[in-house]
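The values are calculated or read from the model by the stated rules, or taken from the named source; none is laboratory data. The model shown is predicted, which means the values in this text are computed figures rather than measured ones. So basically every Cβ, Gly included, is an ideal-geometry build from the backbone, and we count neighbours across all protein chains shown. Only protein heavy atoms, including side chains, enter the accessible area calculation; ligands, DNA and RNA are left aside. Shrake-Rupley method; radii C 1.70, N 1.55, O 1.52, S 1.80 Å.
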Amino acid sequence: MTQPFELPHFYMPYPARLNPHVEEARAHSSRWARDMGMLEGSGVWEQSDLDAHDYGLLCAYTHPDCDGPTLSLITDWYVWVFFFDDHFLEIFKRTQDRAGGKAYLDRLPLFMPMDLATPMPEPENPVEAGLADLWTRTVPAMSADWRRRFAVATEHLLNESLWELSNINEGRIANPVEYIEMRRKVGGAPWSAGLVEFATAEVPVAVAGSRPLRVLMETFSDAVHLRNDLFSYQREVEDEGENSNGVLVLETFFGCTTQQAADTVNDILTSRLHQFEHTALTEVPALALEKGLAPGDIAAVAAYTKGLQDWQSGGHEWHLRSSRYMNEGATSTAPWHGLTGPGTSAADIGALLASAGAERLRAYTHVPYQKVGPSRLPDFFMPFEVELSPHLPAARPRLTEWMHRMGMLQEGVWDEDRLAAADLPLCSAGLDPDATPEALDLSSQWLAWGTYGDDYYPLVFGHRRDLAAARLITQRLSDCMPVAGEQVPAPLNGMERGLIDLWRRTTADMTPDRRRTFKDSVNVMTESWVWELSNQVQNRIPDPVDYLEMRRATFGSDLTMSLCRMGHGPAVPPEVYRSGPVRSLENAAIDYAMLINDVFSYQKEIEYEGEVHNAILVVQNFFGIDYPTALDVVHDLMTQRMQQFQHVAAHELPVVHDDFDLSDEAREIMRDYVADLQNWMAGILHWHRTVDRYKAAYLSRRSHGFLPDRPPALTLPLVG
């Protein structure tokens with residue numbers, strides 16, 4: 001069969017190495033698969049299928065340094081996960097049986113108990129039998145923290161198969177952002193990262209949840225999945241009728257040829273590998289220093305990082321050889337400087353350096369403060385009407401008085417004119433048109449505090465390139481939010497004073513657990529401001545995927561969602577908010593709103609502030625296109641995110657209600673939550689259209705440096 005496109009040149013700087021215990025793993029996994037009932041008689045695989053797929057070779061390439069028993073156990077895990085994928089396809093995807101698929105998936109967590117003393121049910125099929133056996137053989141060697149993380153990754157891998165099944169049922173192809181998010185769960189690379197820990201070293205608990213470790217795992221995941229999409233396009237799209245393939249997603253989004261989409265997928269793959277390397281070489285060492293990791297913990301993180309690199313190169317080598325994928329023409333016949341053998345097939349070093357070097361350099365060569373003219377505004381797709389609170393006029397002077405009282409108009413960053421130009425009460429009035437005067441004030445003050453902080457960090461710390469001071473202040477802001485009666489530091493500036501006041505009034509009636517969750521949402525935002533500063537210091541335009549995900553944090557999305565959920569009460573279980581469709585709904589709304597901000601603030605940020613954090617600029621840099629063309633791409637993405645919001649609300653949320661057997665009260669709360677998010681998006685668009693903050697005339701009058709004749713406020717006590 002003719003291949004639908006020519007495979008691109010892959011960026012793969014790490015040569016693959018083969019574990020010497022490969023034959024042991026092959027033989028063991030074959031016996032194990034037969035013992036579990038996965039071969040003849042399963043209706044899915046024959047022995048010839050297992051031999052052709054050669055998962056022993058996959059694991060020997062992806063885990064080149066572990067011993068024989070460990071390699072055999074890991075290979076069994078991969079046999080199991082690929083069998084699950086094909087079993088679910090045959091039994092539920094081909095028959096489009098969602099109800100049966102859900103019942104099948106609901107049983108599988110029962111075979112992953114945190115305590116091995118917990119009895120498991122009797123397995124009813126090869127997937128259950130395999131999981132029970134693997135869990136029992138694996139988890140005794142790992143900590144409780146690893147067990148929890150690996151169980152969650154496994155459940156995501158299993159449960160998100162329902163999302164793929166739903167999209168097949170509807171004939172729906174995901175938008176690019178939705179696809180990247182869901183592919184991480186369905187594709188299983190976070191699960192693979194857990195097995196890398198098993199084979200190398202367990203990540204220390206102190207840093208397991210940190211941004212650098214999360215980015216290592218996510219960039220690893222994205223690169224693994226996008227590479228797989230390129231090799232498996234023919235089988236998945238043309239043979240199996242799958243809609244979940246990155247090449248098909250971009251082909252549909254851009255309306256381009258399959259070859260162009262494949263080349264773009266490869267560009268994103270390369271960018272994700274660059275992000276992995278950047279994180280490993282810059283953010284991980286800084287994290288180790290900040291957390292004071294012991295030498296053994298530093299060595300564990302290094303071993304894990306190297307293990308992820310080995311997986312990338314080994315997985316690529318396996319794709320070149322497995323009969324499961326299209327790989328004609330992918331293996332280079334020309335040796336690398338006379339070398340042959342495993343790992344040299346992708347090592348065309350001249351082409352690699354020429355393309356990868358140019359892509360890396362482009363991220364650092366942006367010339368700041370370029371004149372771009374007034375921001376261009378497209379015809380936004382907004383299906384929801386804006387409503388405004390009748391308490392808006394009275395809220396404006398009360399916010400001004402509060403900002404003065406907190407000291408945020410006396411620090412050289414904002415004055416009354418800038419506060420008025422932002423008109424945050426107008427934003428709050430649209431976000432919650434039914435708010436009481438007190439609730440409107442609180443919302444306005446939170447928005448003012450967050451917007452002020454977003455301006456404060458680059459002005460006070462960015463111009464001084466003082467990341468150390470920024471990190472110290474960020475920690476102090478966290479200390480201003482006590483969860484269980486901790487002592488609050490004496491405020492040194494308006495931001496700290498304002499946060500202490502807002503925290504006290506917002507969390508007075510919260511339980512410690514709710515306070516902790518709310519505090520985490522604020523910390524996510526303030527820590528993301530430090531990430532922006534780091535890029536500003538390096539003059540580095542972020543990777544597109546990293547930018548979109550971090551932009552949610554800099555936009556204060558977690559904080560906003562926490563405020564939206566206040567008052568929902570216990571009728572809606574927390575696991576509903578953690579479900580895939582609800583997170584998908586929220587992220588679609590968040591992305592639409594934050595991209596609105598990037599469209600309106602383009603001139604403000606690029607021309608007046610020398611910023612590198614704007615979606616239009618990120619798209620310009622990545623694709624090498626001009627402002628109007630990049631704006632069209634961003635606008636198309638906004639439109640598809642809004643359409644996704646509508647799709648999830650109409651089709652996926654009712655299924656969540658049924659899956660969790662929600663009460664009538666809880667269903668009504670969730671319907672109100674959807675309405676809150678609709679108001680949120682409509683209110684934010686109305687606010688951007690109305691206020692002076694982003695308008696060319698205001699920007700020319702008030703460039704965004706420090707106020708004349710006022711030095712920035714001291715943020716730290718002077719020390720000798």
*Residues in segment 656-670 that are over 24 Å from Pro176 (Cβ atoms) and either surrounded by 14 or more Cβ atoms within 10 Å (Cβ to Cβ) or in contact with a Gly (Cβ under 7 Å, 6 or more places away or on another chain) (or both): how many?*
8
_Exactly one of these conditions fails for Asp520: (1) assigned to a helix (DSSP H, G or I); (2) open to solvent by 10 Å² or more (accessible area, probe 1.4 Å); (3) under 15 Å from Gln275 (Cα atoms). Give me its number._
(3)
*So which residues in segment 74-111 are in a helix (DSSP H, G or I), surrounded by fewer than 21 Cβ atoms within 10 Å (Cβ to Cβ) and acidic (Asp, Glu), if there are any at all?*
Asp85, Asp86, Glu90, Asp106
_Failed condition for Ser478, given (1) open to solvent by less than 10 Å² (accessible area, probe 1.4 Å); (2) polar (S, T, N, Q); (3) at pLDDT 95 or above_ = (1)
*Any pair with Cβ under 9 angstrom, 6 or more apart, that starts in segment 244-259 at a residue that is farther than 13 Å from Tyr179 by Cβ and ends at one that is modelled with pLDDT under 95 and among the aromatic types (Phe, Trp, Tyr)*: Thr257/Phe5; Thr258/Phe5; Thr258/Tyr233; Gln259/Phe5
*asked:* From the list Leu399, Leu392, Leu388, exactly one residue is at pLDDT 95 or above, open to solvent by 40 Å² or more (accessible area, probe 1.4 Å), touching a Leu at 6+ places or on another chain (Cβ under 8 Å) and of a type in the set (A, V, I, L, M). Which is it?
replied: Leu388
_Here is a list: His9, His21, His28. Which entry is open to solvent by 40 Å² or more (accessible area, probe 1.4 Å), over 20 Å from Phe88 (Cβ atoms) and at pLDDT below 90?_
His9
*Single unsatisfied condition, Val139 versus (1) under 22 Å from Val301 (Cα atoms); (2) modelled with pLDDT under 95; (3) buried (at least 23 other Cβ atoms within 10 Å of the Cβ); (4) not aromatic (Phe, Trp, Tyr)*: (3)
_Test for Ala286: is it at pLDDT 95 or above, surrounded by fewer than 23 Cβ atoms within 10 Å (Cβ to Cβ) and small (Gly, Ala, Ser)_ = no
_Can you tell me which condition Pro121 does not meet? The list is (1) modelled with pLDDT of 90 or more; (2) under 34 Å from the mean Cα position of the chain (by Cα), and all the others hold._
(2)
*Filter segment 193-220 down to the residues that are among the hydroxyl-bearing types (Ser, Thr, Tyr) and surrounded by fewer than 24 Cβ atoms within 10 Å (Cβ to Cβ), then identify the one that is farthest from Met12 (Cα to Cα).*
Ser210
*If you check every pair at least six apart or on different chains, which have Cβ atoms under 9 Å apart with a residue in segment 8-35 that is at negative phi first and a residue that is aromatic (Phe, Trp, Tyr) and part of a loop (DSSP other than H, G, I, E, B) second?*
Ala33/Trp45
*Residue that is at pLDDT below 95, acidic (Asp, Glu) and under 20 Å from Val177 (Cα atoms), where the choices are Glu611, Glu652*: Glu652
*asked:* Can you tell me which condition Glu24 does not meet? The list is (1) in contact with an Asp or Glu (Cβ under 7 Å, 6 or more places away or on another chain); (2) of a type outside the set (S, T, N, Q); (3) over 24 Å from Glu328 (Cβ atoms), and all the others hold.
replied: (1)
*Pick out, from segment 540-615, the helices (runs of 4 or more DSSP H) lying fully within it that include 1 or more residues that are crowded, with 23+ Cβ neighbours inside 10 Å.*
544-554, 557-565, 580-600
*Of the residues in segment 241-273, how many are out of contact with any Lys or Arg (no Cβ under 8 Å at 6 or more places or on another chain) and either of a type in the set (D, E, K, R) or farther than 16 Å from Ala174 by Cβ (or both)?*
15
*Within segment 67-116, tally of residues that are of a type in the set (Gly, Ala, Ser) and at pLDDT below 90*: 4
*Just give me the residues in segment 485-517 being loosely packed, with under 15 Cβ neighbours inside 10 Å and touching a Lys or Arg at 6+ places or on another chain (Cβ under 8 Å), in sequence order.*
Pro489
*Can you name the residue in segment 36-48 that is more than 16 Å from Thr75 (Cα to Cα) and touching a residue at least 40 places away in the same chain (Cβ under 8 Å) and is also most open to solvent (accessible area, probe 1.4 Å) among such residues?*
Gly43
*So, of the residues in segment 164-188 that are modelled with pLDDT under 80, open to solvent by less than 10 Å² (accessible area, probe 1.4 Å) and not polar (S, T, N, Q), which turns out to be nearest to the chain's Cα centre (by Cα)?*
Gly188
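Yes/no matrix, rows are residues, columns are (1) within 30 Å of Val634 (Cα to Cα); (2) assigned to a helix (DSSP H, G or I); (3) in contact (Cβ under 8 Å) with a residue 60 or more places away in the chain:
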site	(1), (2), (3)
Pro113	no, no, no
Leu131	no, yes, no
Pro140	no, yes, no
Trp146	no, yes, no
Leu158	no, yes, yes
Glu202	no, no, yes
*Failed item, numbered, when Phe10 is tested on (1) farther than 29 Å from Asn243 by Cβ; (2) out of contact with any Phe, Trp or Tyr (no Cβ under 6 Å at 6 or more places or on another chain); (3) assigned to a loop (DSSP other than H, G, I, E, B)*: (1)
*Considering residues of segment 523-539 that are out of contact with any His (no Cβ under 7 Å at 6 or more places or on another chain) and of a type outside the set (S, T, N, Q) only, the residue most open to solvent (accessible area, probe 1.4 Å)*: Glu527
